[in-house]
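The values are calculated or read from the model by the stated rules, or taken from the named source; none is laboratory data. Small disclaimer: the values here were computed from a predicted structure and weren't measured. Here the Cβ positions follow ideal geometry from the backbone for every residue, glycine too, while neighbour counts run over all protein chains shown. Ligands, DNA and RNA are excluded from the accessible area calculation, which covers all protein heavy atoms including side chains. Shrake-Rupley method; radii C 1.70, N 1.55, O 1.52, S 1.80 Å.
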Amino acid sequence: MKEDLTNIQYSPIRHIRYAQWFEDVQYNGKTLSESERKECVSVIDKTIEQYSSGLPMMNDILESIKDLHDEYHEIERTIVSVSLFVIITMIDSMIASKYFILADKDYDKRFMRGKLFIILNEGFKKLYGFNENTHKKSEWDRLLPLMKHFPEAINHQYQELTYHLEKHSKSSSWWKDERNLETHLDAEKLYKSRQEEIIESKVMTDSLKLFRTLLAVSNFITNAHACIVNFLVEKYHRGELAGETT
């Protein structure tokens, strides 16, 4: 690690306009053409490849520090763990969207729409929650105790994102009814739910609500992780880097 830090520069803390990812994306009434559908799948595949490439590294970090419980490693563990959740949920939502687009049989497409709704509801529920009870169990709330260790800029960004996430949690039902029907398998109600008209571009637009939210959080975590790197680099340059630091 010390050899690595010799060549690592300080990471800038980026100023991010988080509000851009919480703006409503309205369905424009357009029907996807075959070429647009193929282009959409191509973009999804490239995005999945980009994000999934980092998963093994996150897992390796968590494995390497699983027996280290000092304050520094508890902070690092939480940051990496939350990041792992965010990236996996982003990928899962994209995969569900991809196979919804690719489905060429009516029942398949209705099935995939329902499974996408589950990810949209459960994803935001786990990320932030919909009420006090679910929020206390959320990934976002796990970060709150750590903020005392981070600079003012990060704390301001956390507060800004909390404002947007709280507002988002109250913005709609987040497909709660559809999620319940898809998971509880009440056949009669589920059948009726799946008979609702399928509008591909609207379903894809709806799926962006979770993806863009996760993207905002991912950018915040990147800034928080930059602080961790800067902390290590600074300790290294002062000759204070302990041998046990990973």
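Worth a mention:
- Report note on the peptides 12-21, 141-150: ranked by the mean count of other C-beta atoms within 10 Å, highest first, their order is 141-150, 12-21.
- For the chain, size of Cβ-based charge dipole, Lys and Arg +1, Asp and Glu -1, in debye: 640 debye
- Average projected area [Cα convex hull, segment 42-91], square nanometres: 3.2 nm²
- Calculated SAXS-style log₁₀ I(q)/I(0) at q = 0.09, 0.18, 0.20, 0.21 Å⁻¹ - segment 1-139, Debye, Cα scatterers: -0.42, -1.31, -1.44, -1.48
- Rounded tilt (10° steps) of 152-169 against the dominant C-alpha axis of the chain: 20 degrees
- Percentage relative contact order, the chain, counting C-alpha pairs under 8 Å, at least six apart: 36 percent
- Mean Cβ count within 10 Å, highest first, over the residues of peptides 117-123, 153-159, 30-36: 117-123, 153-159, 30-36
- Across segment 67-187, the convex hull enclosing all Cα atoms gives 136 Å³ per residue.
- The sum of -39500 (n - 2.57) across all DSSP H runs of n ≥ 4, divided by the residue count of the chain, sets its helix-only mean residue ellipticity at 222 nm to -23000 deg cm²/dmol.
- From most to least packed by mean Cβ count within 10 Å, the peptides 51-59, 86-94 give 86-94, 51-59.
- Carbon/sulfur fraction of accessible area - segment 144-232, other protein chains in place, 1.4 Å, %: 56 percent
- Relative to the longest principal axis of the Cα atoms of the chain, the long axis of helix 71-102 lies at roughly 20 degrees.
- Helix 55-64 and the longest principal axis of the Cα set of the chain meet at an angle near 40°.
- Unit charges at the beta carbon, dipole of the chain: most positive-side option, Ile88, Ile221, Leu102: Leu102
- The lysines within cross-link reach of Lys176, meaning a Cα-to-Cα straight distance under 21 Å and a gap of 8 or more places when in the same chain, are Lys109, Lys115, Lys125, Lys126, Lys136, Lys137, Lys167, Lys189, Lys192, Lys202, Lys209.
- Each pair of Cα atoms in segment 98-164 enters the Kirkwood radius, and Stokes-Einstein at 4 °C and 1.567 mPa s then converts it into a translational diffusion coefficient of 91 µm²/s.
- Heavy-atom accessible area per residue - the chain, 1.4 Å, Å²: 56 Å²
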